[in-house]
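Visitor: Quick one: structure below, then a few questions.
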Amino acid sequence: MRRSAWLSVVLSTVVGAAIAYAQPGAQRAVLQANTPRLQAQTAALPVQPQPHGRRTFNGVNEDRMLEALRTARIEGRRAVGSTSVNFYLDLTGDVDAGWKACYTDHCERYRAEIAAFRLNRLLGLSRVPPAISRTVSRSSLRLARMTTIPIVFDRTDNARGAATYWVPVLRDSGIDRTREIERWTRWLRQGEAIPQDQSVRAEEISTLLVFDFLTGNWDRWSGSNVPMDSTGHLIYRDNNGGFEEPFVDGLMHRSMQWLRHTQKFNRAVIDRARAMTDATVRAEMSLDPDHDHPPLTDAQIRSLLRRRDALITYVDGLVARHGARNVYAW
C-alpha cells in the first residue's frame, strides 16, 4: 500500500486526537477506537527481515558475541551496580558480560534486557548491547549459601539471568543534564534548525526517545543513564526498567511526555515500528534460547503494541500538521 493511501486512512480518524495526549482517559479511548484499523493497515506492510550473521556491535559479529555471552567459561566475577543484582563476568576470549540475575524482589526483571535487545533488532538498530539468557551456578559466583545477595537459586544451585555485552569503554554523554535537555529539545522541535554538526547526535536522541517509549522506560532521564561509547555514539543500555506490567494510563502519560520532546524522526525506525505485529515480535523474542522464560509475556507484548499504536498516531498527527519532509528529518 502506498504511504499516501495509508495516511489517508489513518488520519481520517486520528488527526484531531494525535497531539492531545495529555489526558490518559482520552488517550485510551483514541487507541481503542483506532487500534483495529492500525493493526489491519500495519499487517499489510512488508517486514524486512534482519540479516543473520552480518550484524555487528562494537565491531564484533553479533552471533559470535551472543554465543560467547551464553557459553564462554567464567574466569572471574565482581559485584557491580546498585539498583539491581548485577555482576561483571570476566569470560574467556574477548567478550565479557554484565549479568543481571533473577532476584527475590524482581525475579523476572532481567528479561527486559533481553527484550530490549530484541526490540532493537526489530527496529533495525545496533545501539542496545547484545543480551541473552544465561544460567550461572553459585560456585561460578563464589557465593556462600548464607550470602545476603538475594539471588534466586534453584535446587541445583543455578540461577537464571541475562548476560549482556560489557561495553569496554563507556563515557557520560551529559545529554541528560537540564541545560542539555533544553538544548536538544529545541533542535527536535518543528520550526527549529538542527545544527549541521549535531545531526547525528540529534537522531540518536530522537531514536532513543522512540525506543524508550516503545519499551515503556520512562525513567531514562533520572541521571547517568545515557552513556556513549569510545566513538561518541549513544549506547541504549540499562533497560531492565522497561516493559513494566500492568502498564497503566499514568505510565503511558509519563512516557508520552518524554516522547513529545521530539517532533522529528528517523523514517526507517518509524517504518519498522509501524510494521511490527504480534507475530513478528514473538518470532524475534523466540530467538532467545530460554523458551521456558521468554523475554516478554503475552501481556507485555500487548502493551508494546499498544505503545506502538500510540507512537504511530503521534507521528502521523505531526505529519498531517507539518508535512512528512519536516517530520522525517533522517
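Visitor: Test Q190 against the criterion of being in contact with a Leu (Cβ under 6 Å, 6 or more places away or on another chain), outside the structural domain of A115 (by TED's automatic domain parsing) and part of a loop (DSSP other than H, G, I, E, B), and give yes or no.
Guide: Considered against the rule, which asks whether it is in contact with a Leu (Cβ under 6 Å, 6 or more places away or on another chain), outside the structural domain of A115 (by TED's automatic domain parsing) and part of a loop (DSSP other than H, G, I, E, B), Q190 comes out as no.
Visitor: Right, another one. State yes or no: is Y110 of a type in the set (S, T, Y), buried (at least 21 other Cβ atoms within 10 Å of the Cβ) and touching a Lys or Arg at 6+ places or on another chain (Cβ under 6 Å)?
Guide: yes
Visitor: Residues R177, R145, R160: which one is exposed (fewer than 12 other Cβ atoms within 10 Å of the Cβ) and either without any contact (Cβ under 8 Å) to a residue 24 or more places away in the chain or assigned by TED's automatic domain parsing to the domain that holds A101 (or both)?
Guide: Answer to the check: R145.
Visitor: Okay, next question. Filtering region 67-116 down to residues that are charged (D, E, K, R) and free of Cβ contacts under 8 Å to residues at least 24 places away in the same chain, which residue is nearest to I149 (Cα to Cα)?
Guide: R78
Visitor: Check off (1) within 24 Å of V85 (Cβ to Cβ); (2) more than 15 Å from the chain's Cα centre (by Cα); (3) surrounded by 15 or more Cβ atoms within 10 Å (Cβ to Cβ); (4) touching a residue at least 60 places away in the same chain (Cβ under 8 Å) for N239 and give me the number that stays unchecked.
Guide: (2)
Visitor: For region 118-139, does any single residue satisfy the condition of being in a helix (DSSP H, G or I), without any contact (Cβ under 8 Å) to a residue 60 or more places away in the chain and among the basic types (K, R)?
Guide: Yes, region 118-139 has at least one match.
Visitor: Sticking with this one: Quick one: which of D288, D271, D278 is modelled with pLDDT of 95 or more, under 25 Å from G161 (Cβ atoms) and over 14 Å from the mean Cα position of the chain (by Cα)?
Guide: Selected residue: D288, the only one of D288, D271, D278 that is modelled with pLDDT of 95 or more, under 25 Å from G161 (Cβ atoms) and over 14 Å from the mean Cα position of the chain (by Cα).
Visitor: Listed residues T178, T207, T104; which is farther than 24 Å from S230 by Cα and out of contact with any Gly (no Cβ under 6 Å at 6 or more places or on another chain)?
Guide: After ruling out the rest, the residue left standing is T104.
Visitor: Go over the candidates R307, R321 one by one and state the one that is surrounded by fewer than 15 Cβ atoms within 10 Å (Cβ to Cβ), of a type in the set (K, R) and part of a helix (DSSP H, G or I).
Guide: Of R307, R321, the one residue that is surrounded by fewer than 15 Cβ atoms within 10 Å (Cβ to Cβ), of a type in the set (K, R) and part of a helix (DSSP H, G or I) is R321.
Visitor: Turning to a different aspect of this structure: Condition first: in a helix (DSSP H, G or I), assigned by TED's automatic domain parsing to the domain that holds G191 and over 26 Å from A97 (Cβ atoms). Can you find one or more residues in region 258-265 that meet it?
Guide: Yes, because at least one residue in region 258-265 is in a helix (DSSP H, G or I), assigned by TED's automatic domain parsing to the domain that holds G191 and over 26 Å from A97 (Cβ atoms).
Visitor: Shifting gears a bit: Among the residues of region 195-234, what is the count of those that are in a loop (DSSP other than H, G, I, E, B) and closer than 21 Å to Q257 by Cα?
Guide: The number of residues fulfilling the criteria is 8.
Visitor: Select, from L234, L209, the only residue that is closer than 18 Å to N120 by Cα, under 11 Å from the mean Cα position of the chain (by Cα) and of a type in the set (A, V, I, L, M).
Guide: Result: L209 is the single residue among L234, L209 that is closer than 18 Å to N120 by Cα, under 11 Å from the mean Cα position of the chain (by Cα) and of a type in the set (A, V, I, L, M).
This table checks each residue for (1) farther than 30 Å from A324 by Cα; (2) of a type in the set (S, T, Y); (3) exposed (fewer than 14 other Cβ atoms within 10 Å of the Cβ); (4) at pLDDT 95 or above.
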| site | (1), (2), (3), (4) |
| --- | --- |
| W166 | yes, no, no, yes |
| L188 | no, no, no, yes |
| A193 | no, no, yes, yes |
| S199 | no, yes, yes, yes |
| D212 | no, no, no, yes |
| G216 | no, no, no, yes |
| G223 | yes, no, yes, no |
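The values are calculated or read from the model by the stated rules, or taken from the named source; none is laboratory data. On a predicted model such as this, the values are computed, not experimentally measured, just so you know. Note that we place each Cβ from the backbone using ideal geometry, even for glycine, and neighbour counts take in every protein chain shown.
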